[in-house]
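Heads up: the structure comes next, in structure tokens.
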Amino acid sequence: MEKLTGLKKIKTAVFISGAGSNLKNIIRFSKIKKFPISINLIVSNTHLAKGLKYADQFKIKKKIFDHKNYNETEKNILILLKKEKIKFICLAGYMKILSKKFIKKFDGKIINIHPSLLPKYKGLNTHSRAIKNKDKFSGCTVHYVTAKLDSGKIILQKKVKISARDNSVSLKEKILKQEHKLYPAAIKKIFN
Ligand code: GRF
């Protein structure tokens with residue numbers, strides 16, 4: 001990954017579909033002088049994403065791509081990314097799977113946060129699966145995005161203890177807290 005030159009931050013887009021707590025957290029970190037990236041664009045596949053409010057709050061450009069034809073959509077996203085000179089993408093709860101073609105255009109420049117200790121529990125419903133299996137630990141992982149779902153190289157991972165009282169909601173909250181530390185730490189690790 002390219003090193004930082006001077007204080008120039010790497011222009012980054014964050015892709016979301018939901019609450020956007022990771023988005024908000026990354027935006028906050030991006031305001032720190034030495035943090036390597038700036039958030040210049042927020043992309044969502046739905047106007048229902050609550051996290052879109054952070055675009056207004058922090059005055060960041062947002063764009064919603066909710067068309068049925070996802071192939072067309074990806075082409076349009078790529079055009080916008082080029083126009084905005086975006087060099088790095090953080091997926092933060094983005095519920096669409098990016099195509100091989102798209103990933104190739106941003107090879108090694110897309111990362112994702114996943115709420116499990118990958119390679120365990122790829123895909124959805126990670127918290128309830130961990131509870132159901134009576135796991136003692138779960139956690140979160142920041143990894144590079146490749147064509148194979150949730151399988152790219154791991155950048156950082158954090159373990160979270162599951163207590164007997166936990167259910168999928170409490171576990172989600174516990175893990176989210178750690179996600180908010182892990183995602184910025186992973187970004188720093190990549191660029192510093
Ligand atoms: C997080 O749990 C993240 O790990 C997963 O989607 C959730 C997004 O939460 N990929 P938020 O929208 O950032 O609050």
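Specify the angular offset, from 0 to 90 degrees and rounded to the nearest 10, of the alpha carbon long axis of helix 70-83 from the longest principal axis of the alpha carbons in the chain. The two axes meet at around 60 degrees. Within the assembled protein chains, the solvent-accessible surface assigned to residue 47 is about 120 Å², based on a 1.4 Å probe. Based on DSSP H segments of at least four residues, each scored -39500 (n - 2.57), the chain has a per-residue ellipticity at 222 nm of -10500 deg cm²/dmol.
Contact order, relative form, for the chain: 21 percent (alpha carbon pairs under 8 Å, 6 or more residues apart, mean separation divided by residue count).
Taking amide hydrogens as placed 1.01 Å from N in the peptide plane, the amide H of residue 151 sits under 5 Å from those of 146, each at least 5 positions away in sequence or on another chain.
Computed on the Cα trace of the range 113-192, the radius of gyration divided by the Kirkwood hydrodynamic radius gives Rg/Rh = 0.98.
The Cα atoms of the range 8-107 give a gyration tensor whose axes a ≥ b ≥ c have a/c of 1.5 or more with a/b no greater than b/c, which makes the shape oblate.
On a per residue basis, the convex hull of the C-alpha atoms belonging to the chain measures out at 115 Å³.
Within the listed set 178, 57, 157, the Gaussian network model of the chain (springs between alpha-carbon atoms below 10 Å) gives the highest mean-square fluctuation for 57. Considering only 162, 190, 147, the residue lying farthest towards the positive end of the dipole of the range 113-192 is 162, judged by Cα position with unit charges set on Cβ. Counting Lys and Arg as +1 and Asp and Glu as -1 over every other residue whose Cβ lies under 11 Å from the Cβ of residue 19, the net charge comes to +4. Taking 8, 59 and ordering them by how much accessible surface each has at a 1.4 Å probe, largest first, produces 59, 8. Protein-only accessible surface at a 1.4 angstrom probe places the residues 32, 10 in the order 32, 10, largest first. Which pairs in the list 50/181; 50/87; 9/101; 34/177; 59/148 are over 30 Å apart, alpha-carbon to alpha-carbon? Long pairs (Cα-Cα over 30 Å): 59/148. Per atom type, the range 53-129 shows carbon and sulfur on 54% of its accessible surface, probed at 1.4 Å.
The values are calculated or read from the model by the stated rules, or taken from the named source; none is laboratory data. All of these numbers come straight from a predicted model, not from anything done at the bench. All Cβ positions, glycine included, derive from the backbone under ideal geometry; neighbour counts span all protein chains shown. Ligands, DNA and RNA are excluded from the accessible area calculation, which covers all protein heavy atoms including side chains. Shrake-Rupley method; radii C 1.70, N 1.55, O 1.52, S 1.80 Å.
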